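A quick write-up on the structure given underneath.
Where a number appears in this text, it was derived from the coordinates with a stated rule and is not lab data. Since the model is a prediction, treat every value here as computed from it, not as a measurement. FYI the Cβ positions are ideal-geometry reconstructions off the backbone, even for glycines, and counts take in every protein chain you see.
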Amino acid sequence: MRIDIATAPGSHPRPNEDWTAVATPSAGSGGTLIALDGVTPPRTGGDGCVHGVPWFTSRLGGALTELSASRREMPLTDVLGEAIRRTADAHRDTCDLSHPRTPQATVVMVRWDAGTVEHLVLSDSTLLLESPAGEVRAVVDDRLDRIPRSVRRQAAATDALRNTEGGFFTAAVDPDVAAKAVTGRTPASEVRALVALTDGAARWVEVFREGDWADCLALVRKSGPQELIDRVRAAESADPDGVAFRRGKAYDDATVVYVEP
């Protein structure tokens with residue numbers, strides 16, 4: 001088994017709101033991967049939480065890792081729903097969980113054993129699955145991308161569509177959103193490698209168009225996750241004002257996880 005991880009904040013004054021972990025059992029084959037991308041609150045107005053986004057992603061990520069690794073009989077949607085419930089309960093008495101920007105996160109979750117690779121993706125992070133023949137399949141939840149760019153530029157309009165039918169879904173306070181995630185199962189014999197990317201790392205493909213998903217996975221395998229992040233940072237620095245490549249943030253937190261199960 002090979003596991004490579006890299007993560008970096010978008011700007012150093014701000015903490016990294018991404019969170020990731022890979023857990024493997026002490027005996028036998030298998031493991032679980034979690035990658036979260038915390039949703040940054042607006043510069044004004046806050047998020048109604050006294051703890052903040054990094055606290056939320058670490059609590060949610062810890063619950064997801066524990067449940068997915070120790071309760072292998074639970075479907076990943078149930079794992080996500082229970083982890084959301086636990087995390088909400090941990091700050092329900094101190095924070096305004098009704099705030100539209102209450103701490104929340106995108107989710108990539110993968111669990112594998114000798115027979116099967118299970119996956120779950122919620123919101124705009126990406127999972128890449130490579131077959132033994134080298135074919136790369138991207139698993140995405142594209143509901144946010146379906147919202148017109150003109151709407152996404154308006155924070156209030158975007159918030160009105162957050163976790164609502166016809167809009168898009170994130171892991172926040174409602175366990176029922178777990179049922180909205182993109183899920184699937186693949187025979188383990190059909191997965192040679194997998195890569196989880198938060199959208200700050202996926203910019204290499206989706207924003208800067210430096211290559212396709214197969215190129216992305218090949219780069220990470222050959223040169224490691226940090227090389228992909230370094231290339232994203234170089235592209236961001238070459239266009240700091242977003243003139244050539246329009247994007248919501250000049251620099252974004254970026255996380256890359258590469259696993260050969």
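Of the strands (runs of 3 or more DSSP E) lying entirely inside segment 1-98, the ones with 3 or more residues being over 23 Å from Ala155 (Cα atoms) and among the β-branched types (Val, Ile, Thr) are found at 2-8. Taken as a whole, segment 85-102 holds no residue that is crowded, with 23+ Cβ neighbours inside 10 Å and under 15 Å from the mean Cα position of the chain (by Cα). Counting only helices (runs of 4 or more DSSP H) wholly contained in segment 122-177, the ones carrying 1 or more residues that are touching a Leu at 6+ places or on another chain (Cβ under 8 Å) and either of a type in the set (A, V, I, L, M) or free of Cβ contacts under 8 Å to residues at least 24 places away in the same chain (or both) occupy 149-152. The set of residues from segment 25-60 being surrounded by fewer than 16 Cβ atoms within 10 Å (Cβ to Cβ) and of a type in the set (Ser, Thr, Tyr) comprises Ser26, Ser29, Thr44. Of all residues in segment 224-248, none that is within 16 Å of Pro9 (Cβ to Cβ) and without any contact (Cβ under 8 Å) to a residue 24 or more places away in the chain has its Cβ atom under 8 Å from the Cβ atom of a residue that is of a type in the set (Lys, Arg) and part of a helix (DSSP H, G or I), 6 or more apart or on another chain. Restricting segment 121-180 to residues that are touching a strand residue (DSSP E or B) at 6+ places or on another chain (Cβ under 9 Å) and small (Gly, Ala, Ser) leaves a set whose member that is nearest to Ala254 (Cα to Cα) is Ser125. Annotation: of all residues in segment 30-58 being aliphatic (A, V, I, L, M) and out of contact with any strand residue (DSSP E or B) (no Cβ under 6 Å at 6 or more places or on another chain), the one that is farthest from Asp252 (Cα to Cα) is Val50.
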